[in-house]
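The values are calculated or read from the model by the stated rules, or taken from the named source; none is laboratory data. Quick caveat, the model's predicted, so the values are computed rather than measured. So basically every Cβ, Gly included, is an ideal-geometry build from the backbone, and we count neighbours across all protein chains shown. Keep in mind that these areas ignore ligands, DNA and RNA; they rest on the heavy atoms of the full protein, side chains included. Shrake-Rupley method; radii C 1.70, N 1.55, O 1.52, S 1.80 Å.
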Amino acid sequence: MTEVLTRLRSLADAGVIGELDYQFARFIGARSGMDEDILLVSAAVSYELSRMSSCVDLQELCSQKELFGSADLALPSLDSLLQKLQQDDAVGQPGDAKPLILNAERLYLSRYFSYESVIAADLRQRATAILEVSVDSLATSLQRYFPIEKGLTDQQRLATAIAASRRLAVITGGPGTGKTTTVVRMLALLLEQAGQAPLSIKLAAPTGKAAMRLTQSIEEFLGDEAALPCSSKISSEIPRQVSTLHRLLGVRRHSHGFRYNRDNPLRVDVLVIDEVSMVDLAMMAKLLTALPDHTRLILIGDQHQLPSVEAGNVLADLSGYGDGREPGYSKEYGKLLKDLCGFEPGHSPSANPISDSCCELAHGYRFAADSGIARLADEIRRGQSSDLQELLKEIATGKVGDITLLPVESMLSGAGMDGIIEGYGPFLDSLAADKVGIRGTLDAFDRFRVLAALRESEQGVEDLNKRIESRLQLQDDESPHYPGRPILITRNDYNLQLFNGDTGVCLVDPDDGKLKVCFLDNDGSVRSFLPTRLPPHETCFAMTVHKSQGSEYDHVALVLPEQIDAYNSDLLNRELLYTGITRARERVTMFANEATLLAIAERSCNRISGLRGKLMGDNQ
């Protein structure tokens, strides 16, 4: 065993790197003559994948004087390492069937290079296809659906013009910026533009919770007959049901593949995907592989939210979040948009087919202009610590009515827990009254949620759930299941159609008196299961911010750790803060120390990826 391999073994034993990282380095080393630099860079590729990056940036890696935090581990110069990699039998160029792929100055596991390549090639092809439209007819329809005289609809009209004239539209925006309103009106316009030709439209989201929320939003919007200026025939053709991506692609038992794929594509003319920030590289690649070339793809999401729980940051790469490029459209396409929308959309000399396909909705409709939630989310997103510090001073003095900031230590005291129990008051009342029915109890539970940044620690989900359960004293026997226990599914069960992230509540079935776990389905109906039938699950009075993505609550209690340390530093960033705060519709209570909150807001979730470059044509 080489000296480097011995060091990697000790780092794996200490938990600094994963066991898989060590074993992968051994596997590559066996093909590479145990070259120490190849061992190190192979471990780094696997290690970065565990941190959800799709590759390693070799220039950045070679500049590190202490690889994996060890003073005795470092790589040679970039030129020397590239020369070794180019000559190594385990490393190939794009198109080679090798475990590792070297692309310019990035090194990938071959599978993830393939995912990026599939996504980039497909989206660039769709983005390049500008459709023939009747400018006068489309401009008239855009004016009807997004009247200029009402104001504040320019970006919604622009987004719809893009979706009507291209095979790719990427529509981003924070909470309350009118994404659902835009999509429903957009679909009505596309149906009108299709005339007598049939138009197959499908809606999907990454999780059951996100799919259910979009379904409810569409139902509410279409329930107002005056909200949509179209015929009842057109309105009736707009889909009401939203599928999960897994259900859309057709899960196959005991297989990572799907029913719909390159050889058996989906039959769909328009596909709308919501909450795209949650879609990882592998899922996006499999989805695009299953789409016919003619499909119009409309991607919706908030690029400032946490990225997917698996590798990749697809929406941020697509939207150009943080890459410093000048916003705006190409000169030729900008002229078309001006003719369609009636205003100058802005020009950028660096525009290309991908950026021409993007539109960000910036105006918020949900929150008032002086909303603390909107202000706080905006300051966190901008990452300006001085401005955020000033806002926190206002919050601390009670000048911001919809946000409360409390010391994190109070979360562990009687006073802090009193606030949590008060937040769950409507839910507890519904359990005691037994008058609102199962649907009413499930709705009451979703009004408030405790969100934590971490799973483990005094401020983590596991400890918080134990404290809340102990305080509520709902459990009266040895069984882990009791009336009122909220359940979070942690592993997909395709037979039961229950998916990771779905939440339900244990309640007594009034028909047979048995204790069952009840879930709201996408269509608003209730499904119930005996607890013994459930896939792996856990209590969720408190849940991680990651698990809350795709959900919204009236009131959120956000719990941050006391400090940033070596064990939690990778998990704490401004995207987590932003996501947690924007789960709230009306009120946020933060249990956080100001210094830690400010430090987290200064950190960004920087996943290493080559997708942005491939999309922009910077590298292939």
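Miscellaneous remarks
- The set of residues in the stretch 505-558 being part of a loop (DSSP other than H, G, I, E, B), at pLDDT below 90 and within 21 Å of THR207 (Cα to Cα) consists of ASP521, ASN522, ASP523, GLY524, SER525, GLN549, GLY550, SER551, GLU552.
- Annotation note: of LEU428, LEU388, LEU442, the sole residue that is surrounded by fewer than 19 Cβ atoms within 10 Å (Cβ to Cβ), at pLDDT 85 or above and part of a helix (DSSP H, G or I) is LEU428.
- Flag if GLY419 is among the small types (Gly, Ala, Ser), within 30 Å of SER525 (Cβ to Cβ) and not in a strand (DSSP E or B): no
- Residues in the stretch 478-492 that are part of a loop (DSSP other than H, G, I, E, B), over 14 Å from LYS516 (Cα atoms) and under 32 Å from the mean Cα position of the chain (by Cα): THR490, ARG491, ASN492.
- Applying a threshold of 7 Å to beta carbon distances and a minimum spacing of six or more residues, or different chains, the list of pairs starting in the stretch 586-602 at a residue that is open to solvent by less than 10 Å² (accessible area, probe 1.4 Å) and ending at one that is assigned to a helix (DSSP H, G or I) and among the hydroxyl-bearing types (Ser, Thr, Tyr) reads PHE591/SER410; ALA601/SER385.
- When LEU558, LEU571 are checked against the criterion of being open to solvent by 10 Å² or more (accessible area, probe 1.4 Å) and either in contact (Cβ under 8 Å) with a residue 40 or more places away in the chain or over 28 Å from GLU458 (Cβ atoms) (or both), LEU571 stands alone in meeting it.
- Among the residues of the stretch 591-620, those identified as outside any helix (DSSP H, G or I) and at pLDDT 90 or above are PHE591, ILE608, SER609, GLY610.
- Looking only at residues of the stretch 375-385 that are under 15 Å from ALA595 (Cα atoms) and touching a Leu at 6+ places or on another chain (Cβ under 6 Å), we find that the one that is least open to solvent (accessible area, probe 1.4 Å) is ILE380.
- Considering (1) at pLDDT below 90; (2) more than 17 Å from ALA542 (Cα to Cα); (3) surrounded by fewer than 21 Cβ atoms within 10 Å (Cβ to Cβ), the lone condition that LEU474 does not fulfil carries the number (2).
- 3 or more residues under 27 Å from LYS179 (Cα atoms) and open to solvent by less than 50 Å² (accessible area, probe 1.4 Å): qualifying helices (runs of 4 or more DSSP H) within the stretch 71-150: 110-128, 135-145
- Answer residue from the stretch 151-188, given it is of a type in the set (Gly, Ala, Ser) and over 21 Å from SER319 (Cβ atoms) and is most open to solvent (accessible area, probe 1.4 Å) among those: GLY151
- Each residue in the stretch 275-289 was checked for being modelled with pLDDT under 95 and more than 13 Å from GLY312 (Cβ to Cβ), and 1 pass.
- Annotation note: Cβ proximity below 9 Å between a residue of the stretch 400-427 that is without any contact (Cβ under 8 Å) to a residue 12 or more places away in the chain and a residue that is part of a strand (DSSP E or B) and open to solvent by 50 Å² or more (accessible area, probe 1.4 Å) (sequence gap 6+ or interchain) occurs for ALA415/LEU406.
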